[in-house]
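What follows is a set of notes on a single structure, which appears directly below.
Readers should treat all values here as calculations from the given coordinates under stated rules, not as data from a laboratory. This one's a predicted model, so the numbers in the text were calculated from it and none came from an experiment. Don't worry about glycine lacking a Cβ; one is built from the backbone with ideal geometry, like all the others, and counts go over all protein chains shown.
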Amino acid sequence: MGKYDFDFELYDDNTLAWIAQTIEEGSVVLEFGAANGRLTKYLCETKKCTVDIVEIDEQSGKDAAVYADCAMLGEEEGDIEKYLWLNLEKRYDYIVFADVLEHLREPSETLKRCKNVIKKTGKILVSVPNISHNSILIDLWNDKFNYTDTGLLDNTHLKLFTRQSFVNMAEQAGWAVIGERPKYIRVGENEIQNSYRDLPKEVFKAMVARTAGNVYQYMFTLALSSEYVEGKFERIVCMDSSSYYYAEAYFDYNGEMDYKHSVSRNINPAYGHINISLSTLKRDNNIQVKLINCNAVLKNICIQLRTNGKTREVLTFEHNGKEISGMLFFGKDVPKIEFDVVKEDDEIIISAEIVKYDFEDAVLENLVNFLECRELDFQKELSDKIIAYEDMIMQKEQERQNERMAMQEEIIGIKKESLVMQKELVTLCEKQLLDILPKRQHKLIPELISRMNLKLEERCDYGN
C-alpha cells in the first residue's frame, strides 16, 4: 500500500471530494496520480465516466487500473514527465492533478503539454499545498524547516507553491484560473507540531491577521486562456475567510450556558472593531457573549435587539471588565457581557471599538495603573478646583454681607444725625416763635411744636 492510499469520503472537506463533485457525469477524464483508485472507482461506477490513469507507483496503480479505461503504470509509462500519455490520442473533458504537480520537476511544462489533450471546453482540476501556511512561517521564525512523510512539507515535494506563484505559473503555461477555493487547517491541527505560543506577541498578532495564514491547500479550476478570453468560462472564487479570533454567544438553556447552545463568529481585530449579528433561540431569556477570545481594551459597546424588523438598544448589561476613562479593561479574563432578551427577539447586533487586544498581562496592568493614577490626579485636580470655587463663592458672599452691614450702620448713623438736627430745628423754631408772637399767643406754641415734631417724624419714616 502506497503512502498516498487513503479512504475516500464524498462529503468530507477534502480535495478528492471537491473533484468528485465537480466532474460531470459521463465525462472523459485523465487522472494523474490515481494512487489506489479511490477517486477512479467513484468516477467510473457512480458518475459513469471514462477514466484514464497515469500512476508511477505500479503496485497502487494496479488497484486503480481495475476501474480505468486505460492505465499507464510504473516508472516508465507512469512517469508523468516522460509524456507517454500524449500518445493516448484522446481529448479530455477533465484533467486531474490532486496534489501531484508539487512532485514534478517541471510542472509548468506538464501544464503546457496538457493543452494537447484537453477539449476546448475542458478543464484542469488541480490542488496544491500552500507553502505560506502559518505553521511553516512559525518554524521559519524559529530557524526550523523540517520535511515530513506527508503534508505541507512532504519529503517528496520538488516544488513549493504559494497561491500567487501557482497562478503565475498556470498563466504562463497558457491557462486561466476560472475557479479557486481553499481548504483551511489551523496551526496546531496539522502535521507540523508548533503553535502561536512559539512567537513573540506582536509577531503572532501580525501572523494571525494574514488572510492566507490558515490555508492548507488551494484548489484551482483551469481553462484554456484562449477560451477564457473569448468569454466561454465564468470565473468563480470561493475564498471563505478563517480567523484565529472569534466572538461567541452562549444561550441560557434550562439554566445552563455551554458550548452545546452557542454560536460563534470569526472576527478580525486588526480592523479595530467588532461587528457581529446573531440569531436567537425562542426559549432564550438570558445571553452571555464572549466578545473576543483574548484579553482586550474595548469602548463604545453597543447592543441592539431586533424584533419584527424593529430595533431597540440594550442600555444596561453586565460585564467582567474594569471601567476607566470611558473604556472597559479586560485583563486575564476574556471580555464577557451578559444581558436579557425576550422570546420575541429575533436578532442580536453587537458592535464595539477595539482599543488594544491580545497583549501581555503586565502591559495591561501598567496601563491600568497609569490610567487609574491619571484619573485620581484628575479627580484631585477637579476636587481642588471645586473647593477653590466654593471658597471664592463664600468669600464673595462674606464681602457682600459685610457691605450690607456697613450700609446698615451708615443708615443708622444718618438717622441719628437726622434726629439731632430735628431737635435742633424744633428748639430754634420754638425760640423764634417766642420772639415773634405776642405774649397772649405764647400758649399756642406747645401745640405748634407738637405738630412740627409729628410732621418731621412722618418725613423721617417715609425716608426709611
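If I take R0 = 45 Å and measure r between the Cβ atoms of Arg91 and Asn146 in this structure, what FRET efficiency does the formula 1/(1 + (r/R0)^6) give, to the nearest 0.05?
0.55
Please compute the modelled spin-label separation between Glu347 and Gln441, points set 7 Å along Cα→Cβ, answer in nm with one decimal.
Placing both labels 7 Å beyond Cα along the Cβ direction yields 11.1 nm.
Tell me the mean residue ellipticity at 222 nm calculated for the chain from its helices only (DSSP H runs of n ≥ 4, each -39500 (n - 2.57), averaged over every residue, nearest 500).
About -11500 deg cm²/dmol.
Write down, largest first, the equivalent ellipsoid semi-axes of the range 17-118 in whole Å, where each equals the square root of 5 times an eigenvalue of the alpha-carbon gyration tensor.
Rounded to whole Å, the semi-axes are 19, 15, 12.
Against the longest alpha carbon principal axis of the chain, how many degrees, from 0 to 90 and to the nearest 10, is the axis of helix 361-436 turned?
The answer is roughly 20 degrees.
Using all C-alpha to C-alpha distances in the chain, build P(r) with 20 Å bins and read off the rounded percent in each one.
In order of increasing distance, the bins hold 17, 30, 22, 9, 7, 7, 6, 3, 0 percent.
Report, in cubic angstrom per residue, the convex hull volume of the C-alpha atoms of the range 371-444.
So the per-residue Cα hull volume is 60 Å³.
Name the long-range amide H neighbours of Asp57: under 5 Å, sequence gap of 5 or more, or other chain; modelled H, no Pro or chain starts.
Here the answer is Gly74, since their amide H atoms fall under 5 Å of that of Asp57.
Give the cross-link partners of Lys439 among the lysines, using a straight C-alpha distance below 20 Å as the criterion and excluding same-chain residues fewer than 8 apart.
In chain and number order, the partners are Lys431.
What is the extension gain from Arg265 to Met405, computed as 0.36 nm multiplied by their sequence separation minus the C-alpha to C-alpha distance, in nm to one decimal?
42.9 nm
Within the range 414-434, which residues have the backbone N less than 13 Å from the label spot 7 Å out from Ile449 along Cα→beta-carbon, could you tell me?
From the range 414-434, the list is 423-434.
Please work out the Kirkwood hydrodynamic radius for the range 96-187, using every pair of different C-alpha atoms, and report it in angstroms with one decimal place.
14.5 Å
Which order do Ile436, Ile414 fall in if you start with the one that has the fewest other Cβ atoms within 10 Å?
Ranking Ile436, Ile414 by Cβ neighbours within 10 Å, fewest first, gives Ile436, Ile414.
So what is the relative contact order of the chain, in percent, for Cα pairs below 8 Å that sit 6 or more residues apart?
About 9 percent, as a whole number.
Indicate, rounded to the nearest 5 percent, the antiparallel portion of the DSSP beta bridges found entirely in the chain.
75 percent
Hey, can you grab everything whose amide H is under 5 Å from the amide H of Gly179? Only 5+ residues off in sequence or another chain; H modelled, so Pro and N-termini drop out.
The answer is Thr221, Ile236.
Report the relative contact order of the range 73-135, percent, no decimals, based on alpha-carbon pairs under 8 angstrom and at least 6 residues apart.
RCO, the range 73-135: 41 percent.
Along the Cα-to-C-beta direction of Asn116, a point sits 7 Å from the Cα; which residues of the range 167-185 have their amide N less than 18 Å from that point?
From the range 167-185, the list is 173-175.
Within the set of other residues whose C-beta is less than 13 Å from the C-beta of Ala247, count the net charge using Lys and Arg as +1 and Asp and Glu as -1.
Within the 13 Å Cβ shell, the charges total +2.
Quick one: grab the alpha carbon gyration tensor of the range 41-100, order the square roots of its eigenvalues as a ≥ b ≥ c, and give me rounded if a/c is under 1.5, else prolate or oblate depending on whether a/b is larger than b/c.
Since a/c reaches 1.5 but b/c is at least a/b, the shape of the range 41-100 is classed as oblate.
For Ile411, Ile324, what ranking results if the residue with the fewest other Cβ atoms within 10 Å of its Cβ goes first?
If I rank by nearby Cβ atoms, fewest first, I get Ile411, Ile324.
Between Asp340 and Glu109, what length comes free when the chain is fully extended (0.36 nm per residue of separation minus the Cα-Cα distance, one decimal in nm)?
Residue separation times 0.36 nm, minus the Cα-Cα distance, leaves 76.8 nm.
How large is the convex hull of the C-alpha atoms of the range 15-237 per residue, in Å³?
Residue-normalised Cα hull volume stands at 121 Å³.
On each of the three principal axes of the Cα atoms of the range 246-359, give max minus min coordinate, whole Å, ordered largest first.
Extents along the principal axes, in whole Å: 37, 29, 23.
For a quick check: sort Tyr147, Tyr184, Tyr67 by the number of other beta carbons within 10 angstrom, fewest at the front.
Tyr147, Tyr184, Tyr67
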